[in-house]
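Single-structure report; data block below.
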Amino acid sequence: MIDNHGRKINYLRVSVTDLCQFRCTYCIPECGIKQLDHRELLSLEEIYTVIREFTMLGVDKVRFTGGEPLVRKGILGLIESVSRLEKIKDIAMTTNGALLEKMAKPLKNNGLQRVNISLDTLNEKKFREITRTGELSDVIKGIEAAKKEGLGVKFNVVLMKDFNDDEIEDLIELTNIYDADVRFIELMPIGENQGYAKAHFMSCEDILKKVDLKPVVSDDPHAPTKYYRYGNAVGRVGFITAISSHFCGDCNRMRLTSDGKLKPCLHSNKEIDLRNAIRSSEDLGEIIKSAIQSKPEKHYLLENQIIDRGMSRIGG
């Protein structure tokens with residue numbers, strides 16, 4: 001389906017839960033957040049219904065997110081059901097990796113193809129500090145399991161000034177160690193932790209000034225990532241510059257929150273309630289079509305637009 005700005009929408013990101021066993025400082029404020037009541041969440045059957053409807057409109061790529069998607073009971077069955085949809089070409093997941101040691105094999109067997117693993121530091125002490133509850137060793141075991149089972153692996157690194165800016169080259173070295181892409185993501189000032197994001201913002205451009213990287217052509221023209229090569233590494237170094245240089249003109253995605261809100265743009269407060277539409281037997285396809293046409297031309301974060309819902313409530 002083509003939106004009003006000529007963009008082909010073929011990618012749906014689906015948050016299956018707002019729960020996560022980590023409490024990352026840039027995602028969740030120290031006081032915590034109020035978790036959704038189970039009755040507020042879309043059921044797995046309702047999530048599948050939405051995904052199926054999107055495939056009828058041209059979506060062929062689905063990514064499951066959270067919170068942490070692997071804490072949602074029944075996630076394997078949902079993935080297996082989605083993998084059977086005729087038009088689906090790609091099923092991926094964004095995860096903190098802590099549960100992958102046990103889950104990698106069944107995920108692969110049920111149709112998952114790729115995982116993006118959040119990894120903001122390689123220092124055990126700093127890892128516990130940033131996650132408040134996590135152990136780096138659990139994530140490393142998860143990475144090894146994912147690679148062993150043949151899942152495609154990428155690493156997502158949120159750039160934070162005065163936290164991991166001294167680890168840039170060590171993190172880039174993962175492109176050699178794991179033959180995987182490492183993507184640096186600029187910290188985005190949305191939700192409850194906008195103050196933290198503004199205080200610790202670091203531009204991807206700062207890395208390019210410090211490290212000798214050679215640009216490479218992306219295999220996906222709609223991807224938000226600009227890719228580079230570090231030496232002779234097989235894996236690539238990517239930059240997602242949502243703040244310093246937005247990529248809205250090529251955006252091909254929509255987002256579904258765990259409580260059933262459809263977001264045409266991550267950096268906008270506009271949401272369309274699909275949960276009530278499903279439960280009241282409205283024409284879901286027409287509502288989705290209308291939502292796609294309402295997708296804005298670009299975001300306005302640089303104009304100090306305030307985004308109310310944080311990433312843990314939207315889906316990473």
Quick one: count up the residues across segment 52-68 that are out of contact with any Ser or Thr (no Cβ under 8 Å at 6 or more places or on another chain) and either in a strand (DSSP E or B) or of a type in the set (Ser, Thr, Tyr) (or both). 3
Has segment 77-92 got any residue that is farther than 27 Å from Ser290 by Cα, in contact with a helix residue (DSSP H, G or I) (Cβ under 6 Å, 6 or more places away or on another chain) and buried (at least 16 other Cβ atoms within 10 Å of the Cβ)? no
Among the residues of segment 75-110, count how many are more than 18 Å from Thr49 (Cα to Cα) and in contact with an Asp or Glu (Cβ under 6 Å, 6 or more places away or on another chain). 6
Could we say that Ile79 is closer than 19 Å to Ile314 by Cα, part of a helix (DSSP H, G or I) and at pLDDT 95 or above here? no
Going through (1) assigned to a helix (DSSP H, G or I); (2) modelled with pLDDT under 90 one by one, Ala277 fails only at (2)
Considering only residues that are out of contact with any Gly (no Cβ under 7 Å at 6 or more places or on another chain), within 18 Å of Arg279 (Cα to Cα) and either acidic (Asp, Glu) or part of a helix (DSSP H, G or I) (or both), which ones fall in segment 15-45? Asp37, His38, Arg39, Glu40, Glu45
When segment 144-153 is checked residue by residue, the ones that are under 18 Å from Arg63 (Cα atoms) and in contact with a strand residue (DSSP E or B) (Cβ under 7 Å, 6 or more places away or on another chain) are Ala146, Leu151, Gly152, Val153
Residues of segment 137-171 being more than 20 Å from the chain's Cα centre (by Cα), within 19 Å of Tyr26 (Cα to Cα) and of a type in the set (A, V, I, L, M, F, W, C), which ones? Phe163, Ile168
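Select the helices (runs of 4 or more DSSP H) contained entirely in segment 145-224, then report the ones holding at least 1 residues which are polar (S, T, N, Q), surrounded by 15 or more Cβ atoms within 10 Å (Cβ to Cβ) and at pLDDT 90 or above.
Of the helices (runs of 4 or more DSSP H) lying wholly inside segment 145-224, those with at least 1 residues that are polar (S, T, N, Q), surrounded by 15 or more Cβ atoms within 10 Å (Cβ to Cβ) and at pLDDT 90 or above span 174-177.
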Those residues of segment 110-137 which are in contact with a helix residue (DSSP H, G or I) (Cβ under 7 Å, 6 or more places away or on another chain), surrounded by 15 or more Cβ atoms within 10 Å (Cβ to Cβ) and assigned to a helix (DSSP H, G or I) amount to Phe127, Leu136
Which numbered condition Leu12 fails, given (1) under 19 Å from the mean Cα position of the chain (by Cα); (2) modelled with pLDDT of 90 or more; (3) assigned to a loop (DSSP other than H, G, I, E, B): (3)
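The values are calculated or read from the model by the stated rules, or taken from the named source; none is laboratory data. These numbers were taken from a predicted model, which means no experiment stands behind them. Reconstructed Cβ throughout: ideal geometry from the backbone, glycine too, with neighbour counts over all protein chains shown.
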